[in-house]
1. Would you pick out the residues in segment 31-67 that are of a type in the set (A, V, I, L, M), at pLDDT 95 or above and surrounded by fewer than 16 Cβ atoms within 10 Å (Cβ to Cβ)?
2. State all residues of segment 105-115 that are of a type in the set (S, T, N, Q) and either surrounded by 19 or more Cβ atoms within 10 Å (Cβ to Cβ) or assigned to a helix (DSSP H, G or I) (or both); if no residue qualifies, say none.
3. Name the residue, out of ARG73, ARG90, that is out of contact with any Asp or Glu (no Cβ under 8 Å at 6 or more places or on another chain), of a type in the set (Lys, Arg) and within 12 Å of VAL43 (Cβ to Cβ).
4. I'd like the residue in segment 185-242 that is under 24 Å from HIS137 (Cα atoms) and among the basic types (Lys, Arg) and, out of all such residues, is surrounded by the fewest Cβ atoms within 10 Å (Cβ to Cβ).
5. Restricted to segment 176-230, and to residues that are under 11 Å from the mean Cα position of the chain (by Cα) and charged (D, E, K, R), which residue is farthest from ARG146 (Cα to Cα)?
6. Do we find a residue being assigned to a helix (DSSP H, G or I) and under 26 Å from VAL196 (Cα atoms) anywhere in segment 23-34?
7. Please indicate, with yes or no, whether at least one residue in segment 12-19 is touching a residue at least 40 places away in the same chain (Cβ under 8 Å) and more than 17 Å from the chain's Cα centre (by Cα).
Amino acid sequence: MPEPVSSRADYNQRALPQYLQAVQEAGGEVTIVPLGSPAEEAVRIMEQCDAVLLPGSPADVDPAKYEAARDYRTASADAPRESTDAALLRHAFEQRKPVLGICYGMQSLNVWRSGTLAQHIDSLVNHEAGRAVERAHKIKVAPLSRLAAILNSAGATSSPMVSGGLVTEVNSSHHQAAAVVGEGLRAVATCTEDDVIEAIEGTAPDHFVLAVQWHPERTTASEESSRAIFRAFLQAAGQRHA
């Protein structure tokens, strides 16, 4: 897992423990890839790992990466984070190692796969509710998706079904989202109120690739569905290792 951001030690110190705890509780260990490391060093570290976790970040992906003019509301890019993500994703896709992206990690994955982003969400839904709000809005999950299977395993089948999709509630701390979904990916969850894409996953059945726009690492103590996401990720890593 890369450090979340290269220029804010305070953010890393606040955010990293939640990712570490979520992975450890699911039975895994975390190796942190320092930002600014040469690509070959990042890959050397990754060769010793069985999966890639891309965490959130206060940065935004450089719009030039998806050939868009920069919106004035777009946050500064983090070049070391972008280059590290690219190296880790390239290695993970070449070696078929599981990938889990969270918030910025989902956006990074989508752009790396030649997708685009909505640089700022204009909606009545408060997608920037923040870490203090555990259930910010509802999402609808595609019924035959990997994500739906994970949520079903956590008992989410008791949630109401709308138009064939499982509905559940998530936290929310983002102002951007996937627009055009990248190659080899598909959208598998959207906000029920404004159709903002809330999760994407890989289309290859033999490669675990899942990314969510919310922050399950923040709610593993209270949400079985959050724990289930990390369990599924670690189970895929274990199968890849075996």
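The values are calculated or read from the model by the stated rules, or taken from the named source; none is laboratory data. Keep in mind that what you see is a predicted model, and the values were worked out from it rather than measured. Reconstructed Cβ throughout: ideal geometry from the backbone, glycine too, with neighbour counts over all protein chains shown.
1. ILE32, ALA64 - these are the residues of segment 31-67 that are of a type in the set (A, V, I, L, M), at pLDDT 95 or above and surrounded by fewer than 16 Cβ atoms within 10 Å (Cβ to Cβ).
2. Of everything in segment 105-115, those that are of a type in the set (S, T, N, Q) and either surrounded by 19 or more Cβ atoms within 10 Å (Cβ to Cβ) or assigned to a helix (DSSP H, G or I) (or both) turn out to be GLN107, SER108, ASN110.
3. Answer to the selection: ARG90.
4. Ranking the qualifying residues of segment 185-242, first place goes to ARG186.
5. If we take residues in segment 176-230 being under 11 Å from the mean Cα position of the chain (by Cα) and charged (D, E, K, R), then GLU217 is farthest from ARG146 (Cα to Cα).
6. So far as segment 23-34 goes, no, none of its residues is assigned to a helix (DSSP H, G or I) and under 26 Å from VAL196 (Cα atoms).
7. For segment 12-19, residues touching a residue at least 40 places away in the same chain (Cβ under 8 Å) and more than 17 Å from the chain's Cα centre (by Cα): absent.
Rundown of residues vs (1) in a loop (DSSP other than H, G, I, E, B); (2) in contact with a helix residue (DSSP H, G or I) (Cβ under 8 Å, 6 or more places away or on another chain); (3) acidic (Asp, Glu); (4) without any contact (Cβ under 8 Å) to a residue 24 or more places away in the chain, yes/no style:
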| residue | (1), (2), (3), (4) |
| --- | --- |
| ARG44 | no, no, no, yes |
| ARG73 | yes, no, no, no |
| SER76 | yes, no, no, yes |
| ASP85 | no, yes, yes, no |
